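*Asks:* Sharing a structure, written as C-alpha cells. Questions coming.
The values are calculated or read from the model by the stated rules, or taken from the named source; none is laboratory data. Please read these numbers as outputs of a predicted model, since none were measured by experiment. Neighbour counts are summed over all protein chains in view; Cβ atoms, including those assigned to glycine, are modelled from backbone coordinates with ideal geometry. Protein only, heavy atoms only, side chains kept; ligands, DNA and RNA dropped before computing areas. Shrake-Rupley method; radii C 1.70, N 1.55, O 1.52, S 1.80 Å.
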Amino acid sequence: MLEWARQRPHDGYVVGATLRLRGSLPSPHRLRALISTRLPGLPVLAEYLDGLPWQEAWRGFESFDAAAHVHVLTGTADPRRGAEIATNQPIKDDQPRWGLWLLDSERDGEYLLSYRVHHAAQDGAAVAHTIRKLLDTRAPAPPAFVQPREHAPRPWATAPSAREDRLLATADVPVDTMRAVVQASGASLNDIYLAALAGALRAWLPPTERAQPVPVRVPFTVRLRHERQDRGNRMGHLRLTLPVDEKSALRRLACVTEQTRSWPRDQIRRILDRAPHPLLWQHIEPSLSPGDALASATMLGLPTSLAFDGSPVIGGIALPPLAAGHVFSAVLFLYGTRATVSFTARKERQDVRALPSLWEHALGELAGAVRP
C-alpha cells in the first residue's frame, strides 16, 4: 500500500473518522496525555513504516513525541463541515503517519475529534481498534498535566497546509430503519447498504451508464484474533457488480445478496501468509488500478461506550480513502442508534454530493418494498 501511494501521490490514502463528543473542548495537553497513557496498548502509534519498494518494514520511531500528532484547528464547524475539513488535512511522511485533530463545534456543548491515518499503516479494522482503545471508558484516565515552570508552553504540531481538494458528503438515518429491512428480508446490514447504494447510483448515473451493472470494490477483513490488531492491512477486496439496471428495489437486494453469499477469506489468508512479495503485488494490483471499479464501499462500526475525560461520543462520520482512480468512495458508519453514510470524491466531482440523499431515498424505497 505504501509503494502504491508513492506511485500515485494524488490519490487519497488516508482513512479515519470524525467523532462528535458532548462536553467542553479539551486542551491539547489532555490529548497528549491520552496518547501517552494508551501507547502500551497501541504500539503502532510510535512505529514507522518505511523502506525501499518490496522492502518496507516497521520500526520504532526513536524521536516519537505524542504532541507532534495533536493538531488544533481554528474556528468552529458543524459536524458535516468539520468532517470535510478533517478529510483535507494531510498526514506527515517523516513520522508515524497518523494524527488527531481537535475542532470546536457550532453546536453548544459539543466538539469534534478526528483520527486519521495513512492506509499503509492501518486498514479499517485497525482504525476501529485504535479508536476503541483510545476512548475506552474502562481504561484508566490520563494523568493531570502540570506545566513545569521553567519550560515555555508546548508549541503544538502544525500540520502542512490543507489541500482542499476533497469533498465529503453525508446522510444520517436510524439504524432501526436498516434493521427492519434485515429482519424482513434475511439480508445482512452490508447487503442493505449495498442495495441502497445500487438504487442511489441508478438515480445518479446517466441513462447510458445504468443499462448494465457497475463494478465496485468491497473491502473485507481477514484479520485473525491472535494477530496484532493495531497495524497493517489484513484484508481482501471483493469485486461486486451493483445492479443499477434493475428497476425493482427487491431485485436489487436479491442481486446483491447472491454475490455476498461467500467471501473468499480463506483464499485471501493463504495469499497473504504464503505468497512471495511479487506474487502478492500481482494479486493486489488489480484492486488498486484505475478502471477496475467505479468506487469502493465499506462499513465501519464502533461500540457505543466511548468517551474522553467524561465527554461521551454521541456520533461520528467515517472518512474514507479515495484510491485506485475511483470516482468516489463510500463508508457506512454505525454508532449507537444511527447509521451515517459518507461519500468522498475529488473536489471537481461536485455531483457526488447528491449521492447521500439518493442513498437515503433508495433505503426508504427498499424499506417500503419489504414491508408486509
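*Asks:* Here is a check on your reading of the model: is Val175 at pLDDT 95 or above, over 24 Å from Arg38 (Cα atoms), out of contact with any Asp or Glu (no Cβ under 6 Å at 6 or more places or on another chain) and open to solvent by less than 10 Å² (accessible area, probe 1.4 Å)?
*Replies:* So Val175 fits the description; yes.
*Asks:* Here's a follow-up. Is there a residue in region 57-67 that is surrounded by fewer than 19 Cβ atoms within 10 Å (Cβ to Cβ) and closer than 19 Å to Asp309 by Cα?
*Replies:* Yes, region 57-67 contains at least one residue that is surrounded by fewer than 19 Cβ atoms within 10 Å (Cβ to Cβ) and closer than 19 Å to Asp309 by Cα.
*Asks:* Consider region 240-286. How many of its residues are closer than 22 Å to Ala324 by Cα and in contact with a Lys or Arg (Cβ under 6 Å, 6 or more places away or on another chain)?
*Replies:* Selection size over region 240-286: 2.
*Asks:* Give all pairs with beta carbons closer than 9 Å in which a residue from region 38-52 that is in contact (Cβ under 8 Å) with a residue 24 or more places away in the chain meets a residue that is open to solvent by 40 Å² or more (accessible area, probe 1.4 Å) and assigned to a helix (DSSP H, G or I); count only pairs at least 6 apart in sequence or on separate chains.
*Replies:* Arg38/Lys133; Gly41/Lys133; Leu42/Lys133; Leu45/Leu39; Ala46/Leu39
*Asks:* Then there is this: Residues that are more than 30 Å from Trp281 (Cβ to Cβ) and more than 22 Å from the chain's Cα centre (by Cα): find the strands (runs of 3 or more DSSP E) completely inside region 52-132 holding 1 or more of those.
*Replies:* Where strands (runs of 3 or more DSSP E) fall fully within region 52-132 and carry at least 1 residues being more than 30 Å from Trp281 (Cβ to Cβ) and more than 22 Å from the chain's Cα centre (by Cα), they are 70-77.
*Asks:* For region 300-312, which residues satisfy the criterion of being within 26 Å of Pro90 (Cβ to Cβ) and in contact with a Phe, Trp or Tyr (Cβ under 7 Å, 6 or more places away or on another chain)?
*Replies:* Leu300, Leu302
*Asks:* Let me ask something else about it. Report whether or not Leu279 is over 18 Å from the mean Cα position of the chain (by Cα) and without any contact (Cβ under 8 Å) to a residue 24 or more places away in the chain.
*Replies:* Yes.
*Asks:* Sticking with this one: Give the number of residues within region 272-289 that are farther than 16 Å from Arg217 by Cβ, among the hydrophobic types (A, V, I, L, M, F, W, C) and part of a helix (DSSP H, G or I).
*Replies:* 4
*Asks:* Out of Ala68, Ala128, Ala33, Ala57, report the one residue that is free of Cβ contacts under 8 Å to residues at least 60 places away in the same chain and of a type in the set (A, V, I, L, M, F, W, C).
*Replies:* Being free of Cβ contacts under 8 Å to residues at least 60 places away in the same chain and of a type in the set (A, V, I, L, M, F, W, C) holds for just one of Ala68, Ala128, Ala33, Ala57, which is Ala57.
*Asks:* I've got another one for you. Which one is nearest to Ala297 (Cα to Cα), of the residues in region 312-326 that are over 16 Å from the mean Cα position of the chain (by Cα) and surrounded by fewer than 22 Cβ atoms within 10 Å (Cβ to Cβ)?
*Replies:* Looking at the filtered set, the residue picked out is Gly325.
*Asks:* Suppose we keep only residues that are surrounded by fewer than 19 Cβ atoms within 10 Å (Cβ to Cβ), in contact (Cβ under 8 Å) with a residue 60 or more places away in the chain and assigned to a helix (DSSP H, G or I) within region 249-265. Which one would you say is nearest to the chain's Cα centre (by Cα)?
*Replies:* Filtering first and then ranking leaves Thr257.
*Asks:* Here's something else I'd like to know. Scan region 181-210 for residues that are among the β-branched types (Val, Ile, Thr) and either within 22 Å of the chain's Cα centre (by Cα) or within 23 Å of Arg338 (Cβ to Cβ) (or both) and jot them down.
*Replies:* Within region 181-210, Val181, Val182, Ile192 qualify.
*Asks:* Looking only at residues that are closer than 15 Å to Val352 by Cβ and of a type outside the set (A, V, I, L, M) in region 185-221, which one is surrounded by the most Cβ atoms within 10 Å (Cβ to Cβ)?
*Replies:* Once the filter is applied, the top-ranked residue is Trp204.
*Asks:* A further question on this structure: Which of (1) outside any loop (DSSP other than H, G, I, E, B); (2) buried (at least 21 other Cβ atoms within 10 Å of the Cβ) is the odd one out, the single condition Ile268 does not satisfy?
*Replies:* (2)
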